[in-house]
Structures are given as structure tokens and as C-alpha cells.
There are 2 protein chains.
Amino acid sequence: MPQTSDAPIINPRDLEFQLFEVLDVESLTQRERHAEHTRETFMAALDTAHAVATEKFAPHNRLSDEHEPQFDGRRVTIIPEVKHALDAYSGTGLLAASKDFERGGMQLPSVVANACLSLFKSANIATSSYVMLTMANANVIERFGTESQKRKYLQPLLDGRFFGTMALTEPQAGSSLSDITTTATPNADGTYALRGNKIFISGGDHELSDNIVHLVLAKIPGGPAGVKGISLFTVPKHHVNDDGSLGARNDVALAGLIHKMGWRGTTSTMLSFGENDACIGELVGEPHHGLAYMFHMMNEARIGVGLGAVMLGYRGYLASLDYARERPQGRHPTDKNPSTPQLRLIEHADVRRMLLAQKAYVEGGYALCLYAARLVDEQNTGDSAEARADAALLLDLLTPIVKSWPSQWCLEANSLAIQIHGGYGYTREYPVEQFYRDNRLNLIHEGTHGIQALDLLGRKVMMKDGAALARFAKEMESAIREAREIEGLSACADALERASSETIDTVAHLRPVLARDTDLALANANAFLEAFGHTVVAWIWLRQAIVAARALQNAAHAISEADRDFYRGKIQACQWFFRWELPRIHLQHARLRGLDDTTLAMEAAWF
Amino acid sequence: MPQTSDAPIINPRDLEFQLFEVLDVESLTQRERHAEHTRETFMAALDTAHAVATEKFAPHNRLSDEHEPQFDGRRVTIIPEVKHALDAYSGTGLLAASKDFERGGMQLPSVVANACLSLFKSANIATSSYVMLTMANANVIERFGTESQKRKYLQPLLDGRFFGTMALTEPQAGSSLSDITTTATPNADGTYALRGNKIFISGGDHELSDNIVHLVLAKIPGGPAGVKGISLFTVPKHHVNDDGSLGARNDVALAGLIHKMGWRGTTSTMLSFGENDACIGELVGEPHHGLAYMFHMMNEARIGVGLGAVMLGYRGYLASLDYARERPQGRHPTDKNPSTPQLRLIEHADVRRMLLAQKAYVEGGYALCLYAARLVDEQNTGDSAEARADAALLLDLLTPIVKSWPSQWCLEANSLAIQIHGGYGYTREYPVEQFYRDNRLNLIHEGTHGIQALDLLGRKVMMKDGAALARFAKEMESAIREAREIEGLSACADALERASSETIDTVAHLRPVLARDTDLALANANAFLEAFGHTVVAWIWLRQAIVAARALQNAAHAISEADRDFYRGKIQACQWFFRWELPRIHLQHARLRGLDDTTLAMEAAWF
């Protein structure tokens, strides 16, 4: 059986297009923080990432799916390829990609750092998870940790000697962090004694690094009830001595591994803290502010989930594209002559539809996630306070979309990649079924689809009297104005204008209802999330089409045939999205404005 | 961790509703073929099926997923629970459920036989596959086989001593049967020497039965090219002597097992026929008519796939419903008091949406598949030649929908079942992730979605000058008329009327194009398949709502509270489908009528 496990991890032309043609990342080198960078240094980082991802991460993607981490009651064993890959990653210095030079970092912009990460996610989402978790953990400690915590944990995390986790979820509480019951009782020496159980802790145990630093949410007895009583603690697997050497084991026990449908290479653990009353943690920041610290990192964590969903979709798209170009299969409906040679799959209209849909989903999602990362840069290093505030506003608004849209539609892309492979796609001899299994998690972790929907409609579009949405509408207007000037894009401009005004209308309709009947106003929050998601992605596609159309116009005689094909493909994918996808939103807006109560009125006993 | 592996396999109240209230299956006892049956004998068969499915099939559903069949190069080993279950199944006599009494059959109507089968599919799709394949095989031999073939194979197949396969697909040809290359060369004694390779042959090797009877498509050298040169052969694993005893092994070799994402309990095989030039087969029927014989069974095989997809969705729905009723999680958006007890999941609007969507998909799909099986009865035993011809026409038209719609939407139901479980749903500790993996195959086998779409738009709605669609429109009109008389259903009646006339308009638009530019007319066949599928299911939901509304009206004081809840749930699910799902079709019809060429115009080089 032929295989396509060597499916490319990215279309480099698209990566270049996104970074340098759409997002003008080169302009960031004008900023003080990135002044030592050039387009070439950005490309060098990307090339390094591409090489390590291809050579060290991709080859064991299937292997670590087939050979999950094993726990014998004492130790977790993981296939050695995972550690080799992570050591290679640490060797690149990319763990500190966006950190200060003085910490050994590269001071790369977030958008370039995320583009580097995207290659690892594409190559091997499970192995790259250890990296993501460690970076997120280091970010929290860097920002909110004490000097002592930074000294003990931060540099080893950035060097890849220690790995990190985020230990939030508990079995009885799930998404409802308000209901966690892990306690942290003050000890006489200023430390805390932790006790409780956590579940779904990715990377919660392994021997890939010298130590594991858990960031644990827990409640200090006597504090406020609910989320206002949650504090954050560092809880190392091994204590760290003042000289940086490792001390004794802390009282953190692996209660068991969780076996998932996909993402199997990452240990997913149940952890017991303080079974022997000897689990020692240190408070991060102030008591009872733990959730705020954690949520400070949430925008970036959610971009990470969205980007992961995109890359799984992207790789499946590339695999199915290769397959469709190579596999002979069938003839056109009009060709009844069995002696003509079979066509390549890509010649069939329905296969082309499935490729075009995938392209629209994954390249749209990729553009969205990189745009969000670019907003992080704008928020951090924007030229004016206003620019930085604007970026923060947009980022807040778009985060639920960045997290949820790719997890829904790039999963659909994975399904289409299977479909193009036919029966082969469903077998474990081909890579696409794994991408589909891996990607299904993204609709759940870091906040389910339902939670993103409530966040978007209940908070983000309403906050500051709708300021974020108004700001985003300005971005859409600008794209609409530009598209109107370009031949072939005016229908898209009209459609986006209608989508934008429908969004604003719907929010205006729901705003007063939210105050008087919250449950009714939020009953169809999911429809709003989906409609707004499609609107945002239509906008991001129009931005790409504008750039592509201009490139074709401005350089009609100077560009290569390959570039011309590339730009035409961008415009066609944009058209497809506007013709076949965006119009779905009108039904959703109509039901939202009509305050449809079909689900609310469905009584539990009627099921 | 709590588990729900004991999820019920059916809602018995729904089964009763479908059979006796919607489809009036009891009236079939008026027909000569079923005259010895009563509602009670139907229920007895269903009760037997329910008991065996629950006790013998369901318990090893996860186990056989985790312990796939193994091939050591010589023998295939399968966990013993599979054989125990299949022996129990054979013991029920249900293999011959719809066969003549004189063959030891039960002469059950197809709709009741399919309802029985549905319970096994729900309990364990993989183990039940051996049964489905054997029944399909026996049907072909019964109808087209020689007396000698019937003597040697048919009774052992109906008794469960032999199992059967359908060996169509080849590695280089896939769905394009025109391109198969397996040959069957006549021997002097009237038998044929087969040579070639088949792939994706489910149940192609095992030791679950004394023998395996392969039905193999092959070409007799010198025959016509393409599908017109395909003949059908019986090729047993072990030859059968005239006295019924087993003879020597035939030259059929297992070249390897295929490892799938789901459906793991069924051996999926690559078979080599005639590696040692000693593979002997017998022709079924006339030379070169093989495909017609196979396709004669295709309607029923495709109902089987649709029903399997439904039942995987149905079981996931019931599992997530149980979970949502039991699991405490979170509070209403307006409740900011963390000391109030957590709500059950089912109290959240978005969870209720996900349950209602699942209900609409799976109960709609169930109603559709049982309706199709009822058409098989009408086709076989209808009161007049006209009734039988009408049923055949409707069945031909609806088969692509029966096969494709559940495979798309009941898979979506499985995804929603995972979502309701949150992170747990994604783990192998809960049953729903397996249903999702199992169900993904249904979009591919027995004709992919794309093939169903071409069959529907290119042939079924066009054939006989649109007679089938016109006949179906009459069915819709009758439901529309009835619904208009019922309070609360008139909006649904209007919506279905619009859907019906849009369908007819679209077909009228495309008919002339099909003749002059087939590729353009069929370019969006997938959209037609989806739009027509939603129209058909809207109709089937309206039928259910009409029955439910009448039951509520007629017996307002006599029915139990449980029945009242049940009927209200049916009406609400119908409303949900009409409000949130059916309106999707307008976009699809608009694009179809506009002859949208976005995918056709996308050149291969642009990807």
C-alpha cells in the first residue's frame, strides 16, 4: 500500500505570504525590541524550526500514537524519540524565542515565534505539547512569580531542563473552576501544604526533563468562595535547592494515565497532591488572584489551541492534496469509455470541492492565528498607547474565535482529507485518520466551544459598550473599502458589509435582552459564535485576496508562473468561502434576533 | 472515573412509535406473506434481538475495539466473545428473519427484520458486520445462484455455519469497478480459475464459521471492457463436497489485515485469489452480469449502512443524555453564587441544544431508515402492481439519502455526544469516542458521499423524466396538507412546501444543463445531496410530529405523562429541525440554480 506519511508540514509559500505580504512582519524590525532582527534573521529562525520539526518531530508522529506512554505504577515510559526531539528543540533556543536577549532569548516577535511553533505542531502535535506547556508555564512565572521562583524555575524552564504543566481541572469541577476543592494550607515557613486531585493534566508526569514544575490552582482555607478564592502555586515534582540542584521528591503522585482518542503521545494524567500530607508549594503573587494570573495567559494559550487545530488541518490538507494529485481513480461522468486512462483524483469536481474547502478552512485559520499573534506584538510593542490598547481590545474580542473556529472547521478539513483518501484514509496505514483523532480534542480543551460562545456573546461583544466590536467593524470597513476598488472582489466587499451590519444589528437586539432575560439572550450563543467566526474568517480571506489581487496587478509581468498560480488560488479560495460558507450566517442571525427559544423550551423530560 | 459503557442500545418507546404509530407495521399482518404474524410475534422477535444484543453483543464492544483481530501469517485470532455472540445470533434464527418458513425463515417483514438488526448495530457494529455480510451474501445466492450453489451454500449461510463476504474492491480501482483486473478463466469442467487481489474485504478471513463464501467480481478474459465485462463468482475458502462436507482449502490467501481508525472488531482484509493458480470459483448467473446482480442488493446494503450510522449516533445520543442528566457541572450564567449547588449538565441551554440536535439527527435518521425498509416491504408485498412500482421508485430515489444523510449527521451527533462529556468524552474510558471513530467509515463504504451525490443528481432525480421526484413530491404534499390542519405545525408545512418546490425548481434548472454540460450540471452535486437530504428528513420529521400531535389531541386525557412528554419531545425536535436545519438548503439551491462554477474553475495548479 502506498503511504503519505512524509506529507509536508507546511506550504512555505503560504507561510511567506502570511508573514511578509499580509502581515508585513518585516516592519516589526523598526521597533526597538526587534531592532537587531531582519527579514533574514526571522527566516533563519523559521528555517531552523522547519528543519528540526521535519527531522526530529514528524518521523515519530505515528509511532508515538501507536506506542502511548505507559505507567507501570512507578514510572512512566515514553518512546525515546520523544526525548530526542525535545532535546533537539531545547537546543534551538526556541523555548525562549520571544524572551529577552539577557535571558538567553531571541527577542522574536510573537508572530514569528508562533510561526515557528506552527511547524512543530504540524509535525507532531503531541510531542510539541510539552514545549507549549513549558512555555506557558514559564510565561506565568516570569510575569507573576517571586524572584526566588524565577531563580529556581524560570531559567531551567527556558533551557528545557525543567518542563511545566498547568494544573487547573478537577474531576468533580471540570470547566467550573469555581468548584475546585484542592486546598493550600499555609505552613509556618511561608510555604503551603497542598492537598487535592487534578485531572487531564497534560505532561503531568514523565522522565523527559530533570524536573516538572506544576502551576496549581488551589484554595487557601478561609478565603472567599468560588473563583475569588482561587490562588496559584508552584509545585515542583522534585524540590529545588537554593543552589539550583534537585532536592527530594515532593508529594505529587501520578494516580493514573488517561487514554485518549488521539493526542496519544502526550501524557494526560490524574495527579494526587499531598496524599502523604507532604506536598509543598509556593504561592505565586497575591493570595486569591490565581485565576486572574492564569487568565492573563489565556489569550495566548487559546491562540495556541487554535493554531494547533489549524496545523492538524493544514497537514491533512497537504497530505490529501498530494494524494489527489497522484492517485488515478475513475473518469469524468461523461466519459463512458473504460479504456481511457483513469484520471487523477484532483480532476474530479467533488474532490476539488473538498480540497478547496480544506484550503479555505486551513489557510483561513492560519491567517487568523498569525493575525492574532501579530496583535500580541501590537499589544506589547505598538507605536502608541492607543495602538496598544486597540490591539488588546481586538485580541480580547477575537480570542474566542481564534480558539473555536479552527477547532471546528479544521477538524472538518481533516474529515475531508480522509474522504479524499477513500477507504485508505480511514486506515492507520495513512496519516490523515490520526490528524482527525488528534484534532477532535481542540473543541474541548482550554475552554469548550460552549464556553467560548458565552464568553463572546455574554462578555466580549458587550464589554465597554460594544467598543471591541466597533473597533473590529472599522477593520472590516477598511478591507471592504479596499476590496471595492479591486476588480472581482466587489461582491465579496458587499457580502462582508452585510455580514458586518448583521452582526452589529444582532448585538443591538440582544443587548437589552441580556439585561432582562440573560438565559434567553444567551440561549443561542453558539449560533452567534459560529456566525461571528465565519464573518471574521471572511474578513481575513478578503485581506488575503486583496493582497493577492494587488500582487497580480502590480507585477503582472514580473512574477513567476508559480506565484501567479498561488495568488489565483488565494483569490479563488476567498471566492469559495464567500459563496459557499459566509451566507450560512444569515439563518443564524435571523434566529438570534428572533430570540428563538426552541432549545430553552425543550424540557428535560421530553428527551 | 464514572463510566457509561452500559448505555442503553435503544429508546424502546421510540422503536414502538416508529413501527406501530408512524409506519403502521401491524397492517402488514393482513398480507398473505405475514398472515401468521401479529403485533405480538413482531414484538417477540424484537425482544429476542434486544436481549441477545444487550447480553452478547454490547458487553464486548469496547473489548474488540481494544483487541483487534491478529494475523500471525497463518491464522487470524479474534477475541472469543465475538464468536460467542455470533453463535447466539445464529441461535435466534434471525439470520433468516425475512426468509421463507420453508427455508427455516421467519417471514418477517423487512421493516421488522431491520428493526431487529438495528439493535445489534447499536450494541456492537463490528460484530454485527459479520451478520450483515452473511445475509447480503445469502440474498445474492438465493436470488441469482444455481441450484447447486444454493444447495452447497445457502442453508449453511442461513444457519450461520458459513459466513459470507462481498469481494468487489481492488487496490488500483477503488470505487471505479470498471477498472478491476481480477480475472476468471474458464476451466474445462465449467468452473473458473480466479486470479487477482481484493482489498477492504470485511470478514475476509477468520475462524468464526466453518467456511467463508466469497462473492467475487472478476472479468472473464475476452469479455467486454469496463463494467459490462464484470461477472460474479462464488469462491469458498474451503471447497464444499456434494454431501455438504468440507473439502480441501481453496487457493484464497489472506495477504494482510488492514488497521482502521474504528470498526476494529471486524477483520478488514487484503485477499489474494489464485496465487498458486489453484483458486476455483463458480459463475453466478450469466457471464458479464455480475455488477447488475451485485447492485440488485445495493439498495438494501445501503439501507444497512445508513441504519448502522444511525445506530452509532443513537447510542451516543443515549449515552450523552444519561451523562447530561447525571453530571453536576456549573451554574446558569445569571447565578454568580458559588455556594449554590452545581446544576446537572442538561440544565444548560447549550447542552440542551446539543441533545436536541442529536435527537433530531438520530431519531430522524432512524425514521428514515425504517421508512426505507418499509418501502422494501411495499415493493415486495404491496397490494397492487402500482403500489409495488411506486415503492420501488421511491426506494431508488431515496437510497442515496438513506445511505449518506445518516453517515454525515449521525456522525455529527457522535461529535456532539463527545462534546457533552467534555474531556471525558474524548477518552477511551467512555464509550462515545469509539462511536465517533466507528461512524466515520460510513461516509465512505458502499459508495462514498460523492458517489451518492452523482447517483442522486445525475440519475435518480432525472430518471423517467423525473417520475421518482414527482412521486416523492406527492408524499410531501400529503404531509403538508395534514400538517396544515394541526395547530403549531403550519409553519413547518409552509417550510416543507417551499423546500419541495425549490427542489423541483432546481432540478428543472439543471435538467437541460445536464445534457449540454454535464460537468457543470454535476459540479455541485454534493450540495444537491445535502439539500435534498435535509428536505427528506424534514418531511420524515413532519410525519412524526403529525402522529405525535394527533396522539396528544385525541387522547389528551387518556395517555400517561410519560407518553405526553415523549410526544412533546417529538414535536419540539421537529420544530428544531425546521427552524435550525432545513433553512440551510436555500443557500445550496441558490448556488445550484446559479450553476456556481467556483470549484470547476479552480485549477489544479492553484492549490
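The values are calculated or read from the model by the stated rules, or taken from the named source; none is laboratory data. Everything numeric here is computed off the predicted structure, so don't read it as measured data. Note that each Cβ is placed from the backbone with ideal geometry, even for glycine, and that neighbours are counted across all protein chains shown. Please note that ligands, DNA and RNA were not included when accessible areas were found on the heavy atoms of the full protein model with its side chains. Shrake-Rupley method; radii C 1.70, N 1.55, O 1.52, S 1.80 Å.
Mind checking the alpha-carbon convex hull of the protein assembly as shown and giving the volume per residue in Å³?
So the per-residue hull volume is 172 Å³.
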Quiz prompt | B:Arg39 paired with A:Val513, simple spin-label distance in nm, labels 7 Å along Cα-to-beta-carbon | solution = 4.3 nm
Quiz item: Under a 1.4 Å probe, what is the accessible area of the protein assembly as shown per residue, stated in Å²?
Solution: 34 Å²
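In whole percent, how big is the carbon plus sulfur part of the accessible area of region B:164-287, probe 1.4 Å, protein atoms only?
Here it works out to 50 percent.
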Quiz item: Got a number for the accessible area of A:Asp383? Probe 1.4 Å, square angstrom, nearest 10.
Solution: 130 Å²
Self-check item: A:Ala51/A:Asp100 FRET efficiency (R0 41 Å; Cβ-Cβ; nearest 0.05)
Solution: 0.95
Quiz item: Taking R0 as 35 Å, what's the FRET efficiency between A:Arg471 and A:Asp565 from their Cβ-Cβ distance, rounded to 0.05?
Solution: 0.45
Quiz item: What percent do you get for the relative contact order of region A:92-240 when only Cα pairs under 8 Å and 6+ apart count?
Solution: 19 percent
Quiz prompt | Label-point gap, in nm, between B:Leu595 and A:Thr185 - each point 7 angstrom along Cα→Cβ | solution = 8.0 nm
Self-check item: region B:465-602, accessible surface, carbon-and-sulfur percent (1.4 angstrom probe)
Solution: 48 percent
Self-check item: Of the trypsin sites (Lys or Arg not before Pro) in region B:41-78, those whose Cβ has at most 16 other Cβ within 10 Å and which sit in DSSP loop
Solution: B:Arg74, B:Arg75
Quiz item: Using a probe radius of 1.4 Å on protein heavy atoms only, what is the accessible area buried between chains A and B, both sides summed, to the nearest 100 Å²?
Solution: 8400 Å²
Quiz item: Got the relative contact order for region B:12-156 handy, in percent, Cα pairs under 8 Å and 6 or more residues apart?
Solution: 23 percent
Quiz item: Which net charge results when you count Lys and Arg as +1 and Asp and Glu as -1 among the other residues whose beta-carbon is under 14 Å from that of A:Ala193?
Solution: -3
Quiz item: Based on the Cα atoms of chain A, what semi-axes does the equivalent ellipsoid have, where each is the square root of 5 times one gyration tensor eigenvalue, given in whole Å with the largest first?
Solution: 39, 29, 25
Quiz item: Which value at 222 nm does the protein assembly as shown reach when only helices count, each DSSP H run of 4 or more adding -39,500 (n - 2.57), with the total divided by all residues and rounded to the nearest 500 deg cm²/dmol?
Solution: -17000 deg cm²/dmol
Self-check item: Using a Förster distance of 35 Å, the FRET efficiency for A:Ile504-B:Asp505 (Cβ separation, nearest 0.05)
Solution: 0.55
Self-check item: Histogram of C-alpha separations across region A:476-606, 5 Å bin width, %
Solution: 2, 10, 18, 17, 14, 11, 9, 7, 5, 4, 3, 1, 0, 0
Quiz item: Using alpha-carbon pairs under 8 Å, 6+ residues apart, how would you state the relative contact order of chain A in percent?
Solution: 12 percent
Practice problem: Could you let me know the centre-to-centre spacing of region B:320-338 and region B:73-147, using Cα atoms, in angstrom? | Solution: 43 Å
Exercise. May I ask for the net charge around B:Asp377, where only other residues with Cβ less than 12 Å from the Cβ of B:Asp377 are counted and Lys, Arg are +1 while Asp, Glu are -1?
Key: 0
Quiz item: So what's the net charge close to B:Gln107: Lys and Arg +1, Asp and Glu -1, counting the other residues with Cβ under 13 Å from its Cβ?
Solution: -1
